[in-house]
1. Within segment 89-102, can one find any residue that is part of a helix (DSSP H, G or I), closer than 21 Å to residue 160 by Cβ and polar (S, T, N, Q)?
2. If you check 97, 36, 54, 22, which single one turns out to be within 24 Å of the chain's Cα centre (by Cα) and either modelled with pLDDT under 85 or within 30 Å of residue 129 (Cβ to Cβ) (or both)?
3. For residue 125, are the conditions met, namely being farther than 24 Å from residue 24 by Cβ and either at pLDDT 80 or above or assigned to a helix (DSSP H, G or I) (or both)?
4. Hey, residue 172 hits all of (1) within 30 Å of residue 9 (Cβ to Cβ); (2) within 17 Å of the chain's Cα centre (by Cα) but one; which does it fall short on?
5. So residue 48 clears everything in (1) of a type in the set (Phe, Trp, Tyr); (2) in contact (Cβ under 8 Å) with a residue 60 or more places away in the chain; (3) exposed (fewer than 14 other Cβ atoms within 10 Å of the Cβ) except one condition, right? Which one?
6. Among the residues of segment 1-41, which ones are not in a helix (DSSP H, G or I) and not basic (Lys, Arg)?
7. Looking at 49, 68 in this structure, which one is assigned to a helix (DSSP H, G or I), more than 22 Å from residue 119 (Cα to Cα) and either of a type in the set (A, V, I, L, M) or modelled with pLDDT of 90 or more (or both)?
8. Exactly one of (1) buried (at least 18 other Cβ atoms within 10 Å of the Cβ); (2) of a type outside the set (Val, Ile, Thr); (3) at pLDDT 95 or above is unmet by residue 92. Its number?
Amino acid sequence: MGTNDQRTRATKRTIRRAFTGLLRRKPIQSISVKELCASAGVSRGTFYAHYTGLYDLLGQLEEELMEAVRRGLSRLLEGPPEARSLLEVTAELFRTLGANADLCAMVLGPNGDKEFARRLVRLGREYFTEAYRLSFPQATPKQLGYYYAFVSSGCVGLLETWLGEGMATSAEEMAALAEGIMRDGMGFFQNRGER
């Protein structure tokens, strides 16, 4: 039984790698199951043994990434309040997405699913609003909501840029950059030399 599980995982990894490679080059609408199977070196029967189609595969990969983000951020909420700082929550998000770079590049890249970015933003609302409340105790819930809407759009752009540059900057540095911009706006760059 363990051997079959290992084979199944290896086959799914192969299909996933081929799929992410194709999605980097073109949108899902331009990819056929036949092309994916040829790229992965598997038969159509093997593909359909695991997925009902390309959108099922995409949905499973997106859900896998959402679950990884959810797990990472949930650990912070269960911990002490200092673990919920804006920097820690942002760093955890970048670490989780960096550990799943192939999926992130696929779903947040130019041929990715824009609805996924919206789902990621909705998921982050609970975790980041708590961090904002700790960082900005004088803000009203409505103000925190507006702040989250503004900042989350910028963070999605920052993530897309980071992934597009091959994650050359560490997750911790990106989190510090994001936190600095969130706290100080453009003033963050006035006292910071280019590194």
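1. Checked segment 89-102: at least one residue is part of a helix (DSSP H, G or I), closer than 21 Å to residue 160 by Cβ and polar (S, T, N, Q).
2. Working: 36 fails: either modelled with pLDDT under 85 or within 30 Å of residue 129 (Cβ to Cβ) (or both); 54 fails: either modelled with pLDDT under 85 or within 30 Å of residue 129 (Cβ to Cβ) (or both); 22 fails: either modelled with pLDDT under 85 or within 30 Å of residue 129 (Cβ to Cβ) (or both).
Exactly one residue qualifies, and that residue is 97.
3. Details: farther than 24 Å from residue 24 by Cβ: yes; either at pLDDT 80 or above or assigned to a helix (DSSP H, G or I) (or both): yes.
Criteria met by residue 125.
4. (1)
5. Looking at each condition in turn, residue 48 falls short on (2).
6. If the condition is that a residue be not in a helix (DSSP H, G or I) and not basic (Lys, Arg), then 1, 27, 31, 32, 41 are the ones that fit.
7. 49 is the lone residue from the list that is assigned to a helix (DSSP H, G or I), more than 22 Å from residue 119 (Cα to Cα) and either of a type in the set (A, V, I, L, M) or modelled with pLDDT of 90 or more (or both).
8. Condition (3) is where residue 92 drops out.
The values are calculated or read from the model by the stated rules, or taken from the named source; none is laboratory data. No experiment lies behind these values; they were computed from the predicted model shown. Heads up, the Cβs are rebuilt from the backbone with ideal geometry, glycines too, and the neighbour counts pull from every protein chain shown.
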